[in-house]
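A.B. asks: Take a look at the following structure, please.
The values are calculated or read from the model by the stated rules, or taken from the named source; none is laboratory data. What you see is a predicted model; the values in this text were computed from it and never measured. All Cβ positions, even for glycine, are placed from backbone atoms using ideal geometry, and neighbour counts span all protein chains on display.
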Amino acid sequence: MKVKRLGWMGTRTREFDRMNAFYRDVLGLDVLSVDASSGRFQLQDGTEVHVYGPLDPHHDFFAEGPVVAFEVDDFAAARARLLAAGIAFIYPEPQCAAGRIWQHFRAPDGNVYELIGDAQAIPTVSAIT
């Protein structure tokens, strides 16, 4: 298992509108979408940056700080390695969408991080659970 790069960043904030404006107007990130609960932006290398506001029901396990994803070459191996090290995942099963597979975990520092990889490289999601 190798960590290839930081593959994603997200944050949950009470300053939702101001952070959307910061990413869009100050940093000049490309806007993928903005709605009442989330803003999705993209860096030039394709890395996505998400901001979640108080109306987002899916990321309440995030503290008010950035959550970064470690993109790995072998998701199943990386997940197994974290489990063997006693790392606790936030939810029991990985999630998949648009050819990507990911799962959030709490690291020894108490912060939330994420593993992310290529779901197409895994025969079935059940093969890793």
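A.B. asks: Quick check on this structure: which one of Ala63, Ala121 is hydrophobic (A, V, I, L, M, F, W, C), at pLDDT below 95 and either under 15 Å from the mean Cα position of the chain (by Cα) or at positive phi (or both)?
C.D. replies: Numbers: Ala121 fails: either under 15 Å from the mean Cα position of the chain (by Cα) or at positive phi (or both).
Result of the check over Ala63, Ala121: Ala63.
A.B. asks: Now, a different point. Just the residues that are part of a loop (DSSP other than H, G, I, E, B) and over 19 Å from Gly117 (Cα atoms), please, taken from the stretch 34-49.
C.D. replies: Within the stretch 34-49, Asp35, Ala36, Ser37, Gln44 qualify.
A.B. asks: Considering only residues that are among the basic types (Lys, Arg) and more than 27 Å from Ser33 (Cα to Cα), look in the stretch 52-102 and name the one that is surrounded by the fewest Cβ atoms within 10 Å (Cβ to Cβ).
C.D. replies: Pass one, the stretch 52-102, residues among the basic types (Lys, Arg): 79, 81, 100.
Restricting the remaining residues to those that are more than 27 Å from Ser33 (Cα to Cα) gives 79, 81.
Details: Arg79: 23, Arg81: 14.
Looking at the filtered set, the residue picked out is Arg81.
A.B. asks: Still on this structure, please answer the following. With the requirement that a residue be modelled with pLDDT of 95 or more, within 18 Å of Lys4 (Cβ to Cβ) and not β-branched (Val, Ile, Thr), what does the stretch 81-103 give you?
C.D. replies: Passing the criteria: Pro94, Trp102, Gln103.
A.B. asks: Also, quick follow-up: Here are some residues: Arg40, Arg106. Which one is out of contact with any helix residue (DSSP H, G or I) (no Cβ under 6 Å at 6 or more places or on another chain), modelled with pLDDT of 95 or more and either among the charged types (D, E, K, R) or closer than 17 Å to Gly10 by Cα (or both)? Steps first, answer last, please.
C.D. replies: On the way: Arg106 fails: modelled with pLDDT of 95 or more.
One residue alone meets the criteria, Arg40.
A.B. asks: Specify the residue that is surrounded by the most Cβ atoms within 10 Å (Cβ to Cβ); the eligible residues are those in the stretch 1-33 that are assigned to a loop (DSSP other than H, G, I, E, B) and in contact with an Asp or Glu (Cβ under 8 Å, 6 or more places away or on another chain). Before you say what the answer is, go through the steps one by one.
C.D. replies: Step one: filter the stretch 1-33 for residues assigned to a loop (DSSP other than H, G, I, E, B), giving 1-2, 13-15, 27-29.
From what's left, in contact with an Asp or Glu (Cβ under 8 Å, 6 or more places away or on another chain): 1-2, 13-14.
Values: Met1: 15, Lys2: 9, Thr13: 17, Arg14: 10.
My answer is Thr13.
A.B. asks: On the given criteria, is Tyr52 more than 26 Å from Ile90 (Cα to Cα) and in contact with a Gly (Cβ under 7 Å, 6 or more places away or on another chain)? Steps first, please.
C.D. replies: Values: more than 26 Å from Ile90 (Cα to Cα): no; in contact with a Gly (Cβ under 7 Å, 6 or more places away or on another chain): yes.
For Tyr52, the condition - more than 26 Å from Ile90 (Cα to Cα) and in contact with a Gly (Cβ under 7 Å, 6 or more places away or on another chain) - is not met.
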